[in-house]
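K.L.:
Pasting in a structure now, in structure tokens, and then I'll have a few things to ask.
Please treat every number below as a calculation from the coordinates, not as lab data. None of the values given here were measured: they were computed from a predicted structure. Because the Cβ atoms are built from the backbone with ideal geometry, glycine has one as well, and the counts that use them run over all protein chains shown.
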Amino acid sequence: MFDIRTHVNFQNGRAYCPSCEAKKGRRPRQRSLALVPGTDGAYICHAGCSVDEIRSAIGQPKGVPASNNGNGHKPKDETYTPLQVGKFVGLLLNGQTPDAIEAREWLSNRGIPSDLIAHYQIKAHLRGGPLAFEAEELQTLLQTLGPIAYEAVLVERQTKNYWAMEYLRRWGDQVWDVLMLRWLRDYERLALVLIEDLGIEQAVRFDRMVPLGERLKLRVVHVDPRRAEIRFAEVVGEEADAGGLG
């Protein structure tokens with residue numbers, strides 16, 4: 001089995017990328033080639049070089065048996081079965097782990113939805129040709145995209161939360177109809193409600209135990225979108241009867 005470590009000198013998990021060096025005609029300034037932590041030799045170029053480009057630059061393109069590792073011993077051959085490759089494809093396409101979900105979101109945001117990955121992988125299998133993604137590439141893809149996708153999803157959630165709070169701030173005098181969904185921490189009387197007119201779920205702290213499914217009215221008493229702070233107060237009596245969107 002091909003092992004990048006037998007062809008490239010890594011120091012503390014980083015090395016000069018041979019593909020970057022070939023493109024620039026000189027040794028790059030940064031060690032952009034990195035081993036993926038927690039794997040047995042998976043690697044990635046942070047400058048954007050593909051696996052094909054890196055292997056071609058060191059004279060080991062895909063489909064060509066790997067050479068000896070320099071100590072007279074040929075690296076141990078290891079073959080991934082179709083079942084193993086299918087396992088990684090299935091994890092990427094259907095897995096419910098945070099890494100798999102975030103990887104799919106990251107790919108989808110860049111025009112590579114799961115059905116496109118499945119299309120090329122299945123087509124290659126039916127034709128008996130090389131698979132679009134080898135097992136090591138799928139491992140690298142999941143392990144390297146996870147942190148990037150998580151950060152992108154986090155930014156998206158924070159953006160949505162900010163503008164929801166900003167909208168509620170601008171309608172500060174409005175009385176909102178809400179539906180009690182569930183308790184988040186009942187010992188703190190912290191619950192999740194649905195603001196029905198907006199379709200927004202919001203955490204609210206009550207002064208009483210509210211039955212699940214109860215409809216009630218709330219008003220915003222404090223909101224700071226920049227600090228992600230918001231507090232509600234329950235509206236009762238005549239003010240509640242006069243509330244609602246006008």
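K.L.:
Starting at the first residue of the range 154-159, write each ³J(HN,Hα) from the Karplus equation 6.51 cos²θ - 1.76 cosθ + 1.60 with θ = phi - 60°, in whole Hz, x for Gly and Pro.
P.N.:
4, 4, 4, 5, 5, 5
K.L.:
Pulled fully out, how much extra length does the chain show between Ile58 and Tyr187, if you take 0.36 nm times their separation in residues and subtract their Cα-Cα distance?
P.N.:
The span from Ile58 to Tyr187 would gain 40.3 nm if fully extended.
K.L.:
Using θ = phi - 60° and the Karplus curve 6.51 cos²θ - 1.76 cosθ + 1.60, what whole-Hz ³J(HN,Hα) does each residue of the range 34-46 get, with Gly and Pro shown as x?
P.N.:
Rounded to whole hertz, the list is 10, 7, 7, x, x, 10, 9, x, 5, 9, 8, 9, 6.
K.L.:
Can you figure out the FRET efficiency of Thr39 with Tyr167, using R₀ = 35 Å and their beta-carbon distance, to the nearest 0.05?
P.N.:
0.20
K.L.:
Under the Karplus relation 6.51 cos²θ - 1.76 cosθ + 1.60, θ = phi - 60°, what is the ordered set of whole-Hz ³J(HN,Hα) values for the range 188-194, x standing for Gly and Pro?
P.N.:
3J(HN,Hα) across the range 188-194, in whole Hz: 9, 6, 9, 10, 10, 10, 10.
K.L.:
Quick one: if you stick a label point 7 Å off each Cα along the C-beta vector at Leu194 and Ser50, how many nm between them?
P.N.:
Placing both labels 7 Å along Cα→Cβ, they lie 4.5 nm apart.
K.L.:
Would you mind putting 216-223, 230-237 in packing order, based on average other-beta-carbon counts within 10 Å, highest first?
P.N.:
216-223, 230-237
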